[in-house]
C-alpha cells in the first residue's frame, strides 16, 4: 500500500450511543455511533470482549468512509478498529477525551 492509498482512509473518533445484539449472529453487535454530527450504524464482531452496557459512551476509532456493507442481513456503515490476540479483542480508543468526529492521523 502506498502512502497515497493510506491517505484515502478517513479515520475518525466516534462515540457509541447504543448497542444491541445482532438478530442473526452470536458474535456480533449492532452499534449506533456518533461521528461528529452524523449518526451511523456499525456491525462489529466484538462480543467476545465487551458487554452491551460497557460500550455505551465509549470513544472509539472508526474507518468512516467505507462503502456500506450488509453483514448477516444488517447494514454496516463503517468499521471499528480493534486489536486482538488468541484470547481478547480490544477496541482502539483515544487515551484522552476528544470530540467525536475528530480526525485520526
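Just so it is clear, none of the values below were taken in a lab; they were calculated from the coordinates. What you are looking at is a predicted structure, and each value in this text was computed from that prediction instead of being measured. Positions of Cβ are backbone-derived with ideal geometry, glycine not excepted, and every protein chain shown enters the neighbour counts.
Filtering the range 80-105 to residues that are touching a strand residue (DSSP E or B) at 6+ places or on another chain (Cβ under 8 Å) and under 18 Å from residue 51 (Cα atoms) leaves 80, 81, 82, 83, 84, 89, 90, 91, 92, 93. Regarding the range 10-32, can at least one residue be identified that is touching a helix residue (DSSP H, G or I) at 6+ places or on another chain (Cβ under 6 Å) and touching a residue at least 24 places away in the same chain (Cβ under 8 Å)? Yes.
Quick check on the range 24-31. Is at least one of its residues in contact with a strand residue (DSSP E or B) (Cβ under 6 Å, 6 or more places away or on another chain) and closer than 20 Å to residue 94 by Cα?
Restricting attention to the range 24-31, the residues satisfying the condition of being in contact with a strand residue (DSSP E or B) (Cβ under 6 Å, 6 or more places away or on another chain) are 28-31.
Narrowing the set further to residues that are closer than 20 Å to residue 94 by Cα leaves 31.
Within the range 24-31, one or more residues are in contact with a strand residue (DSSP E or B) (Cβ under 6 Å, 6 or more places away or on another chain) and closer than 20 Å to residue 94 by Cα.
Of the candidates 34, 40, 48, 8, the single residue that is within 17 Å of residue 103 (Cβ to Cβ) and assigned to a loop (DSSP other than H, G, I, E, B) is 8. Scanning the range 19-49 for residues that are surrounded by 15 or more Cβ atoms within 10 Å (Cβ to Cβ) and more than 29 Å from residue 6 (Cα to Cα) yields 19, 22, 25. Here residue 81 fulfils each of the conditions (1) within 14 Å of the chain's Cα centre (by Cα); (2) without any contact (Cβ under 8 Å) to a residue 40 or more places away in the chain apart from (2). If you go through the range 55-81 and keep only what is under 18 Å from residue 100 (Cβ atoms) and not in a strand (DSSP E or B), you end up with 55, 56, 57, 58, 64, 65, 66, 77, 78, 81.
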